[in-house]
Structure formats: C-alpha cells, structure tokens
Amino acid sequence: MTEAILLVGGKGTRLRPLTVNTPKPMVPAAGVPFLTHQLARARAAGVEHIVLATSYLAEVFEPYFGDGSAFGLSLEYVTEVEPLGTGGAIRNVADRLHSGPDDPVLIFNGDILTGLDIRALVATHQDSGADVSLHLTRVPDPRAFGLVPTDGTGRVTAFLEKPQTPEEIVTDQINAGAYVFRRSVIDTIPAGRPVSVERETFPGLLSAGAHLQGMVDSTYWLDLGTPMAFIRGSADLVLGRVPSPAVPGRRGDRLVLESASVAPDAKLTGGTVVCEGATVAPGARIDGSVILRGAVVEENAVISSSLVGSGARVGARTTLRETVIGDAAFVGPDNELRDGARVWCGARLPAASVRFSSDL
Ligand code: GTP
C-alpha cells in the first residue's frame, strides 16, 4: 500500500483559532506543525504518496511541506472551492490516486493524534476482504459520539447516531477517523456535492450489502478539537506516550528547541516544549505546556497545561493553568489565569489585573 488521503478541511477549520494566528493543522505540537506527525507516521507505515484534501488555500501547507520530498513523501494538494464534507473531499481527489481498483487506500482525519498501527489496519482490510475497514476506538463515555457496533468477526453491523438514552448505548466503540478504502469504492461516492462519510457513505454502503470491517485498536487516541486537547497531545508526543518519528529531539520531560533560552534553574516538566527563540527566565516552572516561538516567560512564572503564543510575554510570578495566551499578547506580572481562559492575540493585561484567590 503506498497511497493515502489526508482530510484537512471543513467549515470549522477554515477559521483560524482566535488566539493563535496559525491555522490549526500548522500549530506546532512537540515543536513541529501538527500535520508533520501524521505525515511522518504514515511514511513510517510505508505510505509514499499522500493527497491533502483541503478547503484551505494550499499556500498554508505548501510553503512548509512542499512536494514532500524532504519528508520522503510525494505530496499533492487539492483545494475545494466550498467544503465538500469528508466523503465529498475523498471523492474530489480520486483522480489523483495511482492505485488499481482493488488496491487499499488509507484515509485519515487531520485532527486526530493516534498511535494506531496503520499496517495492522491495512492487514485487517486485506485479510477480511472488506470494501472499507475502519479504525474503531473505545471510549469511557460514548454519549458524545456516533457508535459503531460490530459482530463477533469484527464486521460492522450499524452506524448509530449519538445515543440519546442509556438503552441506545449498545457499544463503546466509535469511529476513530482512519479508514482503508478499496480504491474502487471511492468512485461510488457522488461527485461535486457535499457528502459525509459517517452519515451518508458508510450507512449507504452497509444497506447495499457492502462489507465494512472494524478494527478495534485501543491504542493512544486523542481528538484535538479543543485547545486543551491540543496542549495535552503536544505534551504526550514529547513524553513519548504516542510515537511519532517527527518529534525533533529525544522523548522526555521537556523538549527545548534550538535557539530557545532556558535559565538553568527554571523547571520544565510533563512534556513541556519551548520553541525556537523563546526565553524562560530563572525560577519559572512550566508543566505540560507549549511555549511557542519567540515567547518570553519571566521570573518565577508558574505555567501548567497552557499554551503561550508566538511572541507573547508572561510576566513575573504570573500563574497560568489551562490557559491559552494569544500570539504577541502581554500578560503583566502577578496575574492568575486559569480554567480555559483565552487571551486574544496582541491583548495587554496590566500587572496584577486578574486573580482567582478566594479571599476578598
Ligand atoms: P462530515 O463527515 O463531512 O459531516 O464531516 P464532520 O464534520 O463529521 O467531520 P469532522 O469535523 O469530524 O472532520 C473530520 C476530518 O475531516 C477533519 O480532519 C476535518 O478537517 C476533515 N473535514 C471535514 N469536513 C471537510 C471538508 O469539507 N473538506 C475537507 N477537505 N476536509 C474536511
């Protein structure tokens, strides 16, 4: 198997996150644009040709990834005029594939961080002779997801909408966003209009008698849909909890990129990454966080599970917990921000403006 389609578009992703000026798939996770990890993992599993199906302008990706040769890949970009949905996006790039009609084509969502054994998914597909094979993961609380029950042989029996009642929770298996399609199945998706694989293509294939095979793999799996999940994912990459050949350094408690400057007595833990040109002053303590390019963390600041945007500044003794500081924002000394607070790009928060202490 040598080909894949990576889905990196959609309505939501067209918008840039409010606090970081970089489009989501290009925000650094463990020091490199998130997409790099997915490309590197696919390459490591033997994929050589990847089509990026996007509804962004390709110029977001092309300057960094180019033709892919630096990553050992051949990359192509296809941009939809209007978002076509997941199925429509797959159909829209069909003419870029070189595979024969029965060959397997790997397809994966661009916003999932996973340790999926890609080769095992392809092997499952080939051994079962399925038309489409899906990576399924198990979640403790399946209420927020569409459910994918399977029979004793792993064959998918239904695609169920989000359960509304306890009786409707018939399984804890959900669609994990990575598939192998038989090449010819892609051509059966209607062209030129929005199509959802989950709501239209998969249920349609099932009712037409097609063979959809599930592979339950309960390896690391994280949907990076929220800033907090993104921060968690970056830390887990640095810690080595999810394997990626693209992490630019050794796995461990911290990753300090070239030209970053970290005071010897600053404490970096929990998979914290400090990107190029960023500065961490003496006495600062940073746990499980992302400090983007050129940001400054002043003396004795305490930061956990947070992201500090490019060129932003966090003042002395300021405490951040589960907070996102926008690019070029300034948070003055002696502030306390937490629990999902997001500071807009370029905003200025004067010294000692916000706190959460319980006393008056
Ligand atoms: P549908 O199945 O089409 O309804 O999309 P969804 O909203 O359920 O998909 P979701 O938001 O879970 O996105 C799954 C992946 O597909 C993500 O990586 C998205 O970036 C990508 N994606 C979603 N919609 C589109 C689209 O219209 N075009 C492209 N190219 N990618 C998309």
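For this structure, a couple of remarks:
- Strands (runs of 3 or more DSSP E) contained entirely in region 132-241, each with at least 1 residues that are touching a Phe, Trp or Tyr at 6+ places or on another chain (Cβ under 8 Å) and surrounded by 22 or more Cβ atoms within 10 Å (Cβ to Cβ): 132-138, 173-182, 212-216
- Residue in region 51-62 that is of a type in the set (D, E, K, R) and farther than 24 Å from Pro194 by Cβ present: yes
- For region 233-245, the set of residues classified as among the hydrophobic types (A, V, I, L, M, F, W, C) and more than 14 Å from the chain's Cα centre (by Cα) consists of Val238, Leu239, listed by residue number.
- Residue match in region 88-100 (condition: within 19 Å of Leu224 (Cβ to Cβ) and within 16 Å of the ligand (Cβ to nearest atom)): yes
Residue by residue, here is whether (1) basic (Lys, Arg); (2) closer than 15 Å to Ser310 by Cα; (3) in a strand (DSSP E or B) holds:
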{"position": "Glu258", "(1), (2), (3)": "no, no, no"}
{"position": "Val273", "(1), (2), (3)": "no, yes, yes"}
{"position": "Glu276", "(1), (2), (3)": "no, yes, no"}
{"position": "Ile286", "(1), (2), (3)": "no, no, yes"}
{"position": "Gly294", "(1), (2), (3)": "no, yes, no"}
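- Residue match in region 156-168 (condition: among the hydroxyl-bearing types (Ser, Thr, Tyr) and within 16 Å of the ligand (Cβ to nearest atom)): no
- Whenever a residue of region 302-331 is more than 15 Å from Arg355 (Cβ to Cβ), its partners that are of a type in the set (Asp, Glu) and part of a strand (DSSP E or B), lying with C-beta atoms within less than 7 angstrom and at least six residues away or across chains, give the pairs Ser304/Asp287.
- For Ala278, the test of being touching a Pro at 6+ places or on another chain (Cβ under 6 Å), assigned by TED's automatic domain parsing to the domain that holds Ile325 and either closer than 29 Å to Ser55 by Cα or away from the ligand (no atom under 16 Å from the Cβ) (or both) is failed.
- Selection status of Arg285, basic (Lys, Arg) and under 21 Å from Asn21 (Cα atoms): no
- Hits in region 197-231 - residues which are touching a residue at least 60 places away in the same chain (Cβ under 8 Å), more than 15 Å from the ligand (Cβ to nearest atom), of a type outside the set (Val, Ile, Thr) and over 14 Å from Leu136 (Cα atoms): Ala210, His211, Pro227, Met228
- Of all residues assigned to region 103-125, none qualifies as being within 14 Å of the ligand (Cβ to nearest atom), over 21 Å from the mean Cα position of the chain (by Cα) and in the same structural domain as Phe34 (by TED's automatic domain parsing).
- Taken over region 328-348, the criterion of being crowded, with 21+ Cβ neighbours inside 10 Å and either part of a loop (DSSP other than H, G, I, E, B) or touching a Gly at 6+ places or on another chain (Cβ under 7 Å) (or both) is satisfied by Ala329, Val331, Asn335, Val343.
- Tally, over region 249-259, of residues that are surrounded by fewer than 14 Cβ atoms within 10 Å (Cβ to Cβ) and touching a Leu at 6+ places or on another chain (Cβ under 7 Å): 0
- Output for region 3-28, where each listed residue is modelled with pLDDT under 80 and either surrounded by fewer than 17 Cβ atoms within 10 Å (Cβ to Cβ) or more than 9 Å from the ligand (Cβ to nearest atom) (or both): Lys11, Gly12, Arg14, Leu15, Arg16, Pro17, Leu18, Thr19, Val20, Asn21, Pro23
The values are calculated or read from the model by the stated rules, or taken from the named source; none is laboratory data. Small disclaimer: the values here were computed from a predicted structure and weren't measured. Positions of Cβ are generated from backbone atoms using ideal geometry, with glycine treated the same way; all protein chains shown enter the neighbour counts.
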